[in-house]
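Inspection log for the structure reproduced underneath, given as structure tokens.
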Amino acid sequence: MVKAESVHKRFGRLEVLKGVSLEVQPGEVVCMIGASGSGKSTFLRCINHLERIDAGRLWVDGRLVGYRQSGDKLHELRDAEVCRERSEIGMVFQRFNLFGHMTALENVIEAPIRVRKLRKRDAVGQGKSLLEQVGLTDKIDNYPAQLSGGQQQRVAIARALAMKPKLMLFDEPTSALDPELVGEVLEVMKGLALDFRTTMIVVTHEMGFAREAADRVLMMDDGRIIEEGTPEHFFEAPREERTKQFLSAIL
Amino acid sequence: MASEPAEPVRPDEIKAIPVRRPGRWVAAALILYLSAALGKSVATNPRFEWGIIGHYFTSSRVLQGLVTTLELTALCMAIGIVIGILLAVMRLSPNPLVSATSWLYIWFFRGTPVLVQILFWGYISALYPRLSLGIPFGPQFVHFTANSVISPFVAGMLALGLNEGAYMAEIVRAGIISVEEGQTEAAQSLGMTRLQTMRRIVLPQAMRVIVPPTGNETISMLKTTSLVSVIAVTDLLYSVELIYAVNYRTIPLLIVASIWYLIVTTLLSFGQYYLERYFGRGTARELPQTPLQRLLRTLSIRHGV
Ligand SMILES: Nc1ncnc2c1ncn2[C@@H]1O[C@H](COP(=O)(O)OP(=O)(O)OP(=O)(O)O)[C@@H](O)[C@H]1O
Ligand SMILES: [Mg+2]
């Protein structure tokens, strides 16, 4: 579903990704951990082409992200094509980023109507059942400011799911939440992983979630993936010194 | 720690004597005295000629002037807002030529007095007697004489509207910048195009920042339109000028115009309040009360309901 080959990304003189290679199978749930500034968010944003990569190749569902290859030449995709690629990938942000002037339901139906050109009636039906799936049936007419952080994040997940994405990216979805609200969001994500077999890449430090839902865990450090394995591997016998340090700091 | 409290006793309600504020009473008395004195002088000074004011207040020429002023205000603001949005978006464009064009426009129109701009448009036919549409240095398709297209009203409208665009651009830009980057990112990650993101997500939220100064601009525009009297557009001010040029009742007629300006300004302020309320939705947990609701609530509290 996702294939990265030696992806590099620079911001000015700062090299943030220094050759990330990775393959994610359809239906697989991959958790990414790593210290602050190691490039986790940047890598997710590259997959969604919110950032353009400087070197390497990145494919989602067999298609090159942001470019078209003909012969040995790369052509940049036009805006409309980039939008189409993005619409197939759902993204959930640390700070929720719900549209502040729209109710929960309006947040969920906006993109299906504008991008997928769904009829309003169909979008509303689908939106309501998604909000029900994340447990927010009675909050559909609330504005984001009237919702708790956990509720906002669940709306954000429903909003991403409304596009029927092939791939879901989560960037620290629970790290801006009060501890007692983390569970409700992780519960929804577990549902997606275990019941719906959604392909997911999750940046998180919730090792409980990783243990229950992840097929694989990656440790990112200084722009590289330095270790990968099953959750059990990370809990029982991490290999790298850096990983051991990091895990002992967060557990 | 001390032992557990035996039985929670609810303490008495606080009944404190409020702080006395003698200064407030002195100030109130002073203001009351001054306004009474002013009111008496305005009401009894015969030179105000209240009879004349009453007579001309709803005369057809004054009302026509008022309509022209209102039309001009509405059209100029409409032009200003459209140009303002366009310039603001251009200014934030990654294309340097586009953003420089916007910068140049703003520089020019903010850098010259609007009165001069009005005069320029008023005398445009001296500068360009004939206007034509076509390819520069190539064939021209349509021709007009400037005087037939650019009447004084149109000249005033263009001058004020184009000038307003420069000011609105800065207001809109401040509004756009005030919207969190995360909103744009969320919209983009859903596959919305740049235009959709701007129109559906960013601008509606920028409105909260844009509306108050735009209300201000509208009220200011209402009065700035009086400048078009210099190119003989019969707006409210020019209408009363024409009347007192004949009958020499200068002061009362200026008062007529002033009262109308005050009335319209008051109405515009109300409109602004409700617009702000509308665009503030979603930012506060509860909408603020309207003045009417507040009044009703105060009254009901007084009556102990
Ligand atoms: N737009 C940008 N311009 C310049 N530097 C950036 C930009 N975005 C990120 N960086 C830098 O790239 C590095 C990696 O950032 P990134 O957000 O990917 O880290 P992260 O692993 O997600 O960290 P965190 O756990 O704190 O979210 C940081 O040093 C950051 O300062
Ligand atoms: Mg991050």
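The values are calculated or read from the model by the stated rules, or taken from the named source; none is laboratory data. Computed from a predicted structure; not experimentally measured. Here the Cβ is made from the backbone with ideal geometry for all residues, glycine too, and neighbour counts use every protein chain on show.
May I ask you to verify whether A:Ile157 is assigned to a helix (DSSP H, G or I), within 13 Å of chain B (Cβ to nearest Cβ) and touching a residue at least 12 places away in the same chain (Cβ under 8 Å)?
Against the criterion (assigned to a helix (DSSP H, G or I), within 13 Å of chain B (Cβ to nearest Cβ) and touching a residue at least 12 places away in the same chain (Cβ under 8 Å)), A:Ile157 qualifies.
Identify, by number, the condition in (1) touching an Asp or Glu at 6+ places or on another chain (Cβ under 8 Å); (2) within 14 Å of chain B (Cβ to nearest Cβ); (3) more than 13 Å from ligand 1 (Cβ to nearest atom); (4) touching a residue at least 40 places away in the same chain (Cβ under 8 Å) that A:Ala111 doesn't meet.
Just one mismatch for A:Ala111, condition (1).
Write out, first by first residue and then by second, each pair whose Cβ atoms fall under 7 Å of each other, whose residues are 6+ apart or on separate chains, and whose first residue, in the stretch A:194-218, is farther than 22 Å from A:Lys244 by Cβ while the second is of a type in the set (Phe, Trp, Tyr) and at pLDDT 90 or above.
Short answer, once both residue conditions are applied: A:Met200/A:Phe170.
Filter the stretch B:21-49 for residues that are touching a residue at least 12 places away in the same chain (Cβ under 8 Å), part of a helix (DSSP H, G or I) and surrounded by 10 or more Cβ atoms within 10 Å (Cβ to Cβ) and give the result.
If the condition is that a residue be touching a residue at least 12 places away in the same chain (Cβ under 8 Å), part of a helix (DSSP H, G or I) and surrounded by 10 or more Cβ atoms within 10 Å (Cβ to Cβ), then B:Phe48 is the only one that fits.
Taking the residues in the stretch A:23-54 that are away from ligand 2 (no atom under 16 Å from the Cβ) and not hydrophobic (A, V, I, L, M, F, W, C) as candidates, determine which candidate is surrounded by the most Cβ atoms within 10 Å (Cβ to Cβ).
It comes out as A:His49.
Whether any residue in the stretch A:221-233 is loosely packed, with under 15 Cβ neighbours inside 10 Å and either under 24 Å from A:Ser148 (Cβ atoms) or small (Gly, Ala, Ser) (or both) is what I want to check.
Looking for residues that are loosely packed, with under 15 Cβ neighbours inside 10 Å and either under 24 Å from A:Ser148 (Cβ atoms) or small (Gly, Ala, Ser) (or both), one finds none in the stretch A:221-233, hence no.
Among the residues of the stretch A:218-227, is there at least one that is assigned to a loop (DSSP other than H, G, I, E, B), within 16 Å of ligand 2 (Cβ to nearest atom) and over 30 Å from A:Ala123 (Cβ atoms)? Working first, answer last.
Looking only at the stretch A:218-227, we keep the residues that are assigned to a loop (DSSP other than H, G, I, E, B), and these are A:222-223.
Within this subset, residues satisfying the condition of being within 16 Å of ligand 2 (Cβ to nearest atom) are A:222-223.
Remaining after also requiring over 30 Å from A:Ala123 (Cβ atoms): A:222-223.
The answer is yes; a qualifying residue exists.
Those residues that are closer than 25 Å to A:Glu81 by Cβ, within 15 Å of ligand 1 (Cβ to nearest atom) and of a type in the set (Val, Ile, Thr), I need them from the stretch A:10-49; list them, please.
Matches in the stretch A:10-49: A:Val20, A:Thr42, A:Ile47.
A:Met91 is checked against (1) within 23 Å of A:Gly149 (Cα to Cα); (2) surrounded by fewer than 21 Cβ atoms within 10 Å (Cβ to Cβ); (3) within 16 Å of ligand 2 (Cβ to nearest atom); (4) within 11 Å of chain B (Cβ to nearest Cβ) and fails just one. What number does that condition carry?
Failing condition for A:Met91: (2).
Counting only residues that are more than 9 Å from chain B (Cβ to nearest Cβ) and in a loop (DSSP other than H, G, I, E, B), which one in the stretch A:114-131 is surrounded by the fewest Cβ atoms within 10 Å (Cβ to Cβ)?
A:Lys117
Of the residues that sit in the stretch A:55-88 and are within 11 Å of chain B (Cβ to nearest Cβ) and of a type in the set (Lys, Arg), which one is surrounded by the most Cβ atoms within 10 Å (Cβ to Cβ)?
A:Arg86
Checking A:Gly191 against (1) under 17 Å from B:Leu190 (Cα atoms); (2) within 21 Å of the chain's Cα centre (by Cα); (3) more than 14 Å from every other protein chain (Cβ to nearest Cβ), which test does it fail?
Unmet condition: (1).
Mind listing just one residue for me: the one in the stretch A:161-216 that is of a type in the set (Gly, Ala, Ser), in a helix (DSSP H, G or I) and away from ligand 1 (no atom under 16 Å from the Cβ) and, of those, surrounded by the fewest Cβ atoms within 10 Å (Cβ to Cβ)? Please lay out each step first, then the result.
First, pick out the residues of the stretch A:161-216 that are of a type in the set (Gly, Ala, Ser): A:162, A:175-176, A:183, A:191, A:193, A:208, A:210, A:213-214.
Checking which are in a helix (DSSP H, G or I) leaves us with A:183, A:191, A:193, A:208, A:210, A:213.
Filter again for away from ligand 1 (no atom under 16 Å from the Cβ), leaving A:183, A:191, A:193, A:208, A:213.
Numbers: A:Gly183: 15, A:Gly191: 16, A:Ala193: 22, A:Gly208: 13, A:Ala213: 21.
Among those that are of a type in the set (Gly, Ala, Ser), in a helix (DSSP H, G or I) and away from ligand 1 (no atom under 16 Å from the Cβ), it is A:Gly208.
What residue, of A:Gly56, A:Gly127, A:Gly71, A:Gly62, is at pLDDT below 95 and closer than 26 Å to A:Leu192 by Cβ?
Going through A:Gly56, A:Gly127, A:Gly71, A:Gly62 in turn, the sole match is A:Gly62.
Please tell me if A:Arg68 is away from ligand 2 (no atom under 16 Å from the Cβ) and under 24 Å from A:Met168 (Cβ atoms).
no
List every residue pair whose Cβ atoms sit under 6 Å apart, with the two residues 6 or more apart in sequence or on different chains, where the first one lies in the stretch A:33-48 and is at positive phi and the second, anywhere, is within 9 Å of ligand 2 (Cβ to nearest atom) and not aliphatic (A, V, I, L, M).
A:Gly34/A:Lys40
Please enumerate the residues belonging to the stretch B:185-201 that are more than 7 Å from chain A (Cβ to nearest Cβ) and either out of contact with any helix residue (DSSP H, G or I) (no Cβ under 6 Å at 6 or more places or on another chain) or assigned to a loop (DSSP other than H, G, I, E, B) (or both).
Taking the stretch B:185-201 and keeping what is more than 7 Å from chain A (Cβ to nearest Cβ), we get B:187, B:195, B:197-199.
B:Leu195, B:Met198, B:Arg199, listed by residue number.
Name the single residue, out of those in the stretch B:136-157 being part of a helix (DSSP H, G or I), of a type outside the set (Ser, Thr, Tyr) and without any contact (Cβ under 8 Å) to a residue 40 or more places away in the chain, that is nearest to B:Thr112 (Cα to Cα).
Our first condition is that a residue be part of a helix (DSSP H, G or I); within the stretch B:136-157, this holds for B:146-149, B:152-157.
Now drop any that are not of a type outside the set (Ser, Thr, Tyr), which leaves B:146-147, B:149, B:152-157.
Restricting the remaining residues to those that are without any contact (Cβ under 8 Å) to a residue 40 or more places away in the chain gives B:146-147, B:149, B:154.
Numbers: B:Ala146: 23, B:Asn147: 24, B:Val149: 24, B:Val154: 20 Å.
Only one residue tops the list, namely B:Val154.
Among residues belonging to the stretch A:1-14 that are free of Cβ contacts under 8 Å to residues at least 12 places away in the same chain and in a loop (DSSP other than H, G, I, E, B), point out the one that is farthest from ligand 2 (Cβ to nearest atom).
Result: A:Arg13.
For the stretch A:15-91, which strands (runs of 3 or more DSSP E) that fit wholly inside it have 1 or more residues that are of a type in the set (Asp, Glu)?
Because the criterion is at least 1 residues that are of a type in the set (Asp, Glu), the strands (runs of 3 or more DSSP E) in the stretch A:15-91 that meet it are A:73-76.
If you scan the stretch B:54-102, which residues turn out to be of a type in the set (A, V, I, L, M) and over 27 Å from the mean Cα position of the chain (by Cα)?
Of everything in the stretch B:54-102, those that are of a type in the set (A, V, I, L, M) and over 27 Å from the mean Cα position of the chain (by Cα) turn out to be B:Leu97, B:Val98, B:Ala100.
Which residue pairs have Cβ atoms under 8 Å apart, sit 6 or more places apart or on different chains, and have a first residue in the stretch A:162-185 that is at pLDDT below 95 and among the aromatic types (Phe, Trp, Tyr) and a second that is within 16 Å of ligand 2 (Cβ to nearest atom) and assigned to a loop (DSSP other than H, G, I, E, B)?
So the pair list comes out empty.
Is it the case that some residue within the stretch A:60-80 is within 16 Å of ligand 1 (Cβ to nearest atom) and within 23 Å of A:Val217 (Cβ to Cβ)?
Within the stretch A:60-80 (the criterion being within 16 Å of ligand 1 (Cβ to nearest atom) and within 23 Å of A:Val217 (Cβ to Cβ)), the answer is no, since none of the residues qualifies.
For (1) crowded, with 19+ Cβ neighbours inside 10 Å; (2) part of a helix (DSSP H, G or I); (3) not β-branched (Val, Ile, Thr), each residue gets a yes or a no:
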residue: B:Thr214; (1), (2), (3): yes, yes, no
residue: B:Thr218; (1), (2), (3): yes, yes, no
residue: B:Thr225; (1), (2), (3): yes, yes, no
residue: B:Val233; (1), (2), (3): yes, no, no
residue: B:Leu237; (1), (2), (3): yes, yes, yes
residue: B:Val240; (1), (2), (3): yes, yes, no
residue: B:Leu254; (1), (2), (3): no, yes, yes
residue: B:Thr265; (1), (2), (3): no, yes, no
residue: B:Leu275; (1), (2), (3): no, yes, yes
